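Structure record follows, encoded as structure tokens.
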Amino acid sequence: MIERYKIPEIEKIWSEENKLRIWLLIEILTIEGLEKKGIIKKGIADKIRKKVKKITPEEVKEREKVTNHDVAAFVDILEKKVGREIAPYIHFGLTSSDLLDTTLAIQMKETLELIMKKQRELKSVLENLVSEYEGVITAGRTHGMFAEPMTLSHKFLSYLSEVKRNEERLKNTLEEISYGKLSGSVGNYLHIDPEIEKYVMKKLGLKPEPVSTQIVPRDRVAKFVFTLTLIASSLERIATEIRLLSRTEVGEWGEPFKKGQKGSSSMPHKKNPIISERICGMARILRGYLISALENIALWHERDISHSSVERIILPDASHLVYYMLDKMIFVLKNLNIDLKKIEENLKKNEIYLLSQGILYYLIEKGMERSKAYKVVQENLFKNKVPINEKEFKNLRKKLYNKLLKIEKILKKRIKNGKFYK
């Protein structure tokens, strides 16, 4: 990830140092498993722990100049460090992907756990907005045009409901990606006992892949990227609304604007919604990554390496991007500028259009045929006139606005009990 969008916590998870740390741990735990099965004598794992505290990326990079294979380079270095007596037990019965895919599962798991914390923070911010703007009537829009009135809380409840769905998706995905393997070159356990795999996975907080090949099937990785992309698209939805409502001719919402901030290098009046625009751009990147992840599923026979280069790029980057997007959206929503006067001004100025459907049904209830009532309302509103008297209009408006407030309470109750988002 480029420095501009790098997240230290995510960087640590996907760093070479962390990857090599996990590889070493897997090798040691595998030897422990071999000891427990009586295949090798006890005490070897402890000897390795004492002799080898870590293997550095620099060491692997240097050795890889010879091996042209990162895991082989790692194994060579580890064998040299443990000495001739222990070296034969290193990487015993394993293949490269036993290290790679088990490590990948841990990295994805740790990433999702961090993202889940951010997701909960976003949920809390939206809950606060729901409460803060309870009972505020605003213009609802469809196709970019005035449609019908709604409450401001209704908007935030819609986002909150989606965030809760994403929370469930994260939990399900965490379960689905927490699988590793120690099953050898084609997943046939020919040189390693499945019980050793089970032992190691338990120690790592993972489960053994039920039926692996040389790799853990890539539908699991695709699910990881898919869930991150869904979250990104949800954030893009909110960001798009912020952008639309902050337009000059609307002016109802606005991003926070810090002291000393400049919206343009040439136009001093500008307060552009740059964070929301950035979030929308990043969502596009995630959707591109998802296509790559899906294309990684179908590999040759028991495995080829075409997925490897793709994953080295998209998985760390996707992890950084979604965390970054969540963090920025939380900041924007916490400090969102909502102009209640502008909302009321836009509402009153366009009230006859926003209540057109209410007027239509009012005339129908009075006995007018629907087709005739529709024509009457349409022809009058196109001329900026209301086809009912002022008193009738005021009573109708009061009735509809009161109903909106009642509906708002129903929606809040739905979100609270959770039955409508699972």
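The values are calculated or read from the model by the stated rules, or taken from the named source; none is laboratory data. Quick caveat: nothing in here was measured; it's all calculated off a predicted structure. Because the Cβ atoms are built from the backbone with ideal geometry, glycine has one as well, and the counts that use them run over all protein chains shown.
Do we have L78 as at pLDDT 95 or above and within 22 Å of Y179 (Cβ to Cβ) here? Spelling it out, it is not the case that L78 is at pLDDT 95 or above and within 22 Å of Y179 (Cβ to Cβ). Within segment 238-271, the set of residues being out of contact with any Leu (no Cβ under 7 Å at 6 or more places or on another chain) and outside any loop (DSSP other than H, G, I, E, B) comprises I238, A239, T240, E241, I242, R243, L244, L245, G254. Filtered by the rule that a residue be in a helix (DSSP H, G or I), surrounded by 19 or more Cβ atoms within 10 Å (Cβ to Cβ) and in contact with a strand residue (DSSP E or B) (Cβ under 7 Å, 6 or more places away or on another chain), segment 175-203 gives E197, M201.
Restricting attention to segment 239-256 and to residues that are of a type in the set (D, E, K, R) and over 21 Å from V163 (Cβ atoms), the residue that is surrounded by the fewest Cβ atoms within 10 Å (Cβ to Cβ) turns out to be E249.
Only one of the listed residues (K259, K349) is of a type outside the set (G, A, S) and exposed (fewer than 12 other Cβ atoms within 10 Å of the Cβ). That residue is K259.
Candidates are the residues of segment 52-66 that are more than 15 Å from L100 (Cβ to Cβ) and not in a loop (DSSP other than H, G, I, E, B); the one that is farthest from the chain's Cα centre (by Cα) is V66.
Looking across segment 67-76 at every residue that is part of a helix (DSSP H, G or I) and not hydroxyl-bearing (S, T, Y), the one that is surrounded by the fewest Cβ atoms within 10 Å (Cβ to Cβ) is identified as A72. The sole residue among T102, T138, T111 that is polar (S, T, N, Q), touching a strand residue (DSSP E or B) at 6+ places or on another chain (Cβ under 8 Å) and assigned to a helix (DSSP H, G or I) is T102. Within segment 205-219, being under 14 Å from H307 (Cα atoms) and surrounded by fewer than 20 Cβ atoms within 10 Å (Cβ to Cβ) holds for P217, D219. Only one of the numbered conditions (1) out of contact with any helix residue (DSSP H, G or I) (no Cβ under 6 Å at 6 or more places or on another chain); (2) within 24 Å of H154 (Cβ to Cβ) is violated by K375, and that is (2). Kindly check whether there is at least one residue in segment 141-153 that is within 24 Å of K171 (Cβ to Cβ), surrounded by 20 or more Cβ atoms within 10 Å (Cβ to Cβ) and in contact (Cβ under 8 Å) with a residue 40 or more places away in the chain. No.
Taking the numbered list (1) in contact with a Ser or Thr (Cβ under 9 Å, 6 or more places away or on another chain); (2) within 30 Å of K328 (Cα to Cα) in turn, S15 passes all entries but (1). Residue pairs whose Cβ atoms lie under 6 Å apart, separated by 6 or more positions or on different chains, with the first residue in segment 394-421 and of a type outside the set (A, V, I, L, M, F, W, C) and the second modelled with pLDDT under 90, are R414/F420.
No other residue among I291, I297 is assigned to a loop (DSSP other than H, G, I, E, B) and loosely packed, with under 14 Cβ neighbours inside 10 Å apart from I297.
Selection within segment 370-406: residues that are of a type in the set (K, R) and in a loop (DSSP other than H, G, I, E, B). The member of this set that is nearest to K349 (Cα to Cα) is K385. One residue alone among N172, N128, N166 is assigned to a helix (DSSP H, G or I), in contact with a helix residue (DSSP H, G or I) (Cβ under 6 Å, 6 or more places away or on another chain) and farther than 22 Å from V71 by Cβ, and that residue is N166.
Only one of the listed residues (M116, M1) is within 34 Å of the chain's Cα centre (by Cα) and outside any helix (DSSP H, G or I). That residue is M1.
Filtered by the rule that a residue be touching a helix residue (DSSP H, G or I) at 6+ places or on another chain (Cβ under 6 Å) and of a type in the set (A, V, I, L, M, F, W, C), segment 6-43 gives I7, I10, I13, W14, I22, W23, I26, I28, L29, I31, I40.
Checked across segment 315-325, the condition of being surrounded by fewer than 17 Cβ atoms within 10 Å (Cβ to Cβ) and either part of a helix (DSSP H, G or I) or among the small types (G, A, S) (or both) holds for no residue.
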